[in-house]
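Notes follow once the structure below has been shown.
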There are 2 protein chains.
Amino acid sequence: MPDLQVQCSRCGEEFPPDKVLTVCTKCGGALLFRYDLQRVANTVSKDGLKKRSDSFWKFIELLPLSSAQSIVSLGEPYTPVLRFPQSSIEGLENVYVKDDGRLPTGTFKARGMAVGVSKLKELGIRRIAVPSAGNAGAALAAYGARAGLEVYAFMPKDVPQAILKECIYLGAKVYLVNGSINDAGEIVKKFEPKYDWFSISTNKQPYRVEGYKAIAFEIAEQFNWNPPDSIIFPTGGGEGVIGLWKGFKELTDIGWTKKTPRIIIVQSTGCAPLVKAFINNEPEVKEPWQKAHTIATGLNVPFPYASYLILRALRETNGKATEVKDEEVISSMKTLFRKGIYACPEAAATLAALEKLKNQDTFDRGESILLYLTGNATKYLDVLKIRKEQLPVLGPNASSLD
Amino acid sequence: MPDLQVQCSRCGEEFPPDKVLTVCTKCGGALLFRYDLQRVANTVSKDGLKKRSDSFWKFIELLPLSSAQSIVSLGEPYTPVLRFPQSSIEGLENVYVKDDGRLPTGTFKARGMAVGVSKLKELGIRRIAVPSAGNAGAALAAYGARAGLEVYAFMPKDVPQAILKECIYLGAKVYLVNGSINDAGEIVKKFEPKYDWFSISTNKQPYRVEGYKAIAFEIAEQFNWNPPDSIIFPTGGGEGVIGLWKGFKELTDIGWTKKTPRIIIVQSTGCAPLVKAFINNEPEVKEPWQKAHTIATGLNVPFPYASYLILRALRETNGKATEVKDEEVISSMKTLFRKGIYACPEAAATLAALEKLKNQDTFDRGESILLYLTGNATKYLDVLKIRKEQLPVLGPNASSLD
């Protein structure tokens, strides 16, 4: 891998790309891979890309793998982009969704774990541990199962039953933690020397973020290299949005796209540390959000690591940060269902944000806006209530539907 | 549509392709579209197909739509084909799965409803009713929502809560029926004149089966036009397997493939009318299976309409019919999870069938075998049990993982 470098995104320190890395040993900053983009520009063309199959792995020259042999795949075709019918979002003409709920395990976490597991297996890692409140654990367990690696998942003991089942049946060794996700993280760190596992925590290693770059790559090609003006992205830990931003930067540096979309993140009013820091013009989140709570559990990250990078992404792209209430999330989940789209609460938050920002004149009528849907609704149907006893019940000889 | 014909698959009677059709008005047989395949061969090439995007709609010339303008889509990229690592299925070297649980609504029913809704909307239908015990209702509701059509779903009152929620939130008008799926079907038929809806029942209209043909088209292209030797397909009503067969026949008639795979259907020991008819060499299922019951509810079809067509597909392809027990289904679901694959019970039945038939020397060691996975496991996690109280619980200061 002579073209690859790894550099701290905070202090600039360089690290060897072929070693197992976590965070910067000098300043604790997040490490990021750097590619020889000029060389990519010289060896790969848009026409050449068009001939490759439409999968997550198409842009292999922009992934940190030594070769395509390293790929651990569960089947990752391009996820669909759907356009809302005109007039279905009042006052806006070009609104799209990208549905990452259609990836393996039903969430965008598959992107990070697909690349993370592929690279770590290549580096000789045999055992990976993750502190997780949910979908990251399931995605790691699934790709770990495919790769034949051992997976250890540490989850707060109130983890939803469905996700617990996924992880267990995918073969992960699951430990419940009588405490928070932070406590789970401490345990993973404490036992690392004894069990010799790699801890794949959000933004504390440079691998997962590389997988999220493919969101940008897919969008660029799906929009015929003229990406949407704005992308609304639900954000908790922020690894996904950093990947999106990094992906678009690489595309523009290569010269395949002319602009990076305005990146707009949405958080929950119950946990909005990034919104607060953005509005107060701070360079990073200074302290944990107190009493964090939201039904969109993926947004429930009180103290995101590498918050400076997320805020940098917003400022560099002339972006924004906004927050929505749980009831707006539920209402948006319903609206999306009525359009045939299965959006989990985090994903639905993007539509709630669109409605809110629209009323603040954030968008031009004709601009193109993409709502990035992080996950499928199927695991989250508990959030939606029905009153079965109020449904009409017909006998076999019913003479009327009333 | 000068190239299209519709013909009864039993008596050969012809019908106009541009009218709304159900079953043969002469003999009650299932109607099937027929294409001018010579013309398709003259106007479309494999190279031309390669340049189109890998979606369900790629083979538009082999769908009964007047134009691509009629397409109602929720995003249907080619579903993944994954190969089992060698030696993971003892004694067989080339076993694959095709994962249709990655389609909209999480099941293969999306294929039939995507084409059914597209064509019926083109024909001017505004209101569609379906008797359903589950996923067909959800798929119709989703595509109906996207198309802006009214959907009426009639479901036995013990329908799973999750599917009921999907249908309601997708905007379907849901009626519970105090009786069986057959009673629901009677109600749909009875109120048809009054409410002027189209009843989209399995094999009682020629539209949905056209959508399932794309399973064959995708497989053919994904296997570089050399389809697998055998395909194992879980079968209840059989619309999917008839579509698979029809699709491969059209491909061989055009000359794009040289063979149709051996079609092997799997049913449940709790409801196996097709297996019984196949083994007894009968031309069709003569009477309903008594006391039908299985956890694989999609296989719980005691008296499939158009069973003569399903049996014809098996005999023409030198196929087979086999049955598996519920406990084998659950065991296979677990085995697939351990490989990172989310298979619903019906889908998992294919692996159970493979294990059973393997022991009967049905397969050559090197032959290629594809397990067709009809749906995603996520809606069916209730089938898998865990004992949460047996999991280790760690305090924040845990000093050991034991």
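The values are calculated or read from the model by the stated rules, or taken from the named source; none is laboratory data. Here the structure is a predicted model, which is why all the values come from computation and not from measurement. Positions of Cβ are backbone-derived with ideal geometry, glycine not excepted, and every protein chain shown enters the neighbour counts. Side chains are part of the model used for accessible areas, which takes the heavy atoms of the whole protein and leaves out ligands, DNA and RNA. Shrake-Rupley method; radii C 1.70, N 1.55, O 1.52, S 1.80 Å.
Brief remarks follow.
- All positions within the range B:48-75 that are among the charged types (D, E, K, R), more than 29 Å from residue A:376 (Cβ to Cβ) and modelled with pLDDT of 95 or more: B:61
- Unique residue being over 30 Å from residue A:204 (Cα atoms), open to solvent by 10 Å² or more (accessible area, probe 1.4 Å) and within 14 Å of another protein chain (Cβ to nearest Cβ) when the list is A:379, A:385, A:358: A:385
- Filter pass, residue B:292 being away from chain A (no Cβ under 14 Å), of a type in the set (A, V, I, L, M, F, W, C) and without any contact (Cβ under 8 Å) to a residue 24 or more places away in the chain: yes
- Filtering A:231, A:295 for residues that are open to solvent by 50 Å² or more (accessible area, probe 1.4 Å) and hydrophobic (A, V, I, L, M, F, W, C) leaves a single hit, A:295.
- Summed over the range A:112-135, residues that are open to solvent by 10 Å² or more (accessible area, probe 1.4 Å) and touching a Ser or Thr at 6+ places or on another chain (Cβ under 8 Å) total 5.
- Take the conditions (1) away from every other protein chain (no Cβ under 14 Å); (2) aromatic (Phe, Trp, Tyr); (3) under 30 Å from residue B:354 (Cβ atoms); residue B:198 misses just one of them, which is (3).
- Residue in the range A:128-144 that is facing chain B (nearest Cβ under 10 Å), part of a helix (DSSP H, G or I) and in contact (Cβ under 8 Å) with a residue 40 or more places away in the chain present: yes
- Of the helices (runs of 4 or more DSSP H) contained entirely in the range B:276-364, not one carries at least 2 residues that are at pLDDT below 95.
- A single entry from B:307, B:332, B:368 fulfils the requirement of being in contact with an Asp or Glu (Cβ under 9 Å, 6 or more places away or on another chain), among the small types (Gly, Ala, Ser), closer than 18 Å to residue B:229 by Cα and open to solvent by less than 40 Å² (accessible area, probe 1.4 Å): B:368.
- Scanning the range B:15-68 for residues that are in a strand (DSSP E or B) and touching a residue at least 40 places away in the same chain (Cβ under 8 Å) yields a total of 5.
- Of the residues making up the range A:155-192, those that are facing another protein chain (nearest Cβ under 10 Å), within 20 Å of the chain's Cα centre (by Cα) and outside any helix (DSSP H, G or I) are A:155, A:159.
- All positions within the range B:80-91 that are modelled with pLDDT of 95 or more and either surrounded by 24 or more Cβ atoms within 10 Å (Cβ to Cβ) or more than 15 Å from residue B:343 (Cβ to Cβ) (or both): B:83
- Matching residues, the range B:337-355, being surrounded by fewer than 23 Cβ atoms within 10 Å (Cβ to Cβ) and either in contact with a Pro (Cβ under 6 Å, 6 or more places away or on another chain) or within 12 Å of chain A (Cβ to nearest Cβ) (or both): B:338, B:339
- Verdict on residue A:231 being within 30 Å of residue A:325 (Cβ to Cβ), touching a residue at least 40 places away in the same chain (Cβ under 8 Å) and within 14 Å of chain B (Cβ to nearest Cβ): no
- Qualifying residue in the range A:261-273 (condition: without any contact (Cβ under 8 Å) to a residue 12 or more places away in the chain and either under 18 Å from residue A:41 (Cβ atoms) or open to solvent by 10 Å² or more (accessible area, probe 1.4 Å) (or both)): no
- Inclusion of residue B:221 among residues that are open to solvent by 20 Å² or more (accessible area, probe 1.4 Å) and not in a loop (DSSP other than H, G, I, E, B) is warranted.
- Among the residues of the range B:389-402, those identified as more than 7 Å from every other protein chain (Cβ to nearest Cβ) and not small (Gly, Ala, Ser) are B:389, B:390, B:397, B:402.
- Residue that is nearest to the other protein chains (Cβ to nearest Cβ), among those in the range B:72-96 that are under 12 Å from residue B:57 (Cα atoms) and free of Cβ contacts under 8 Å to residues at least 40 places away in the same chain: B:75
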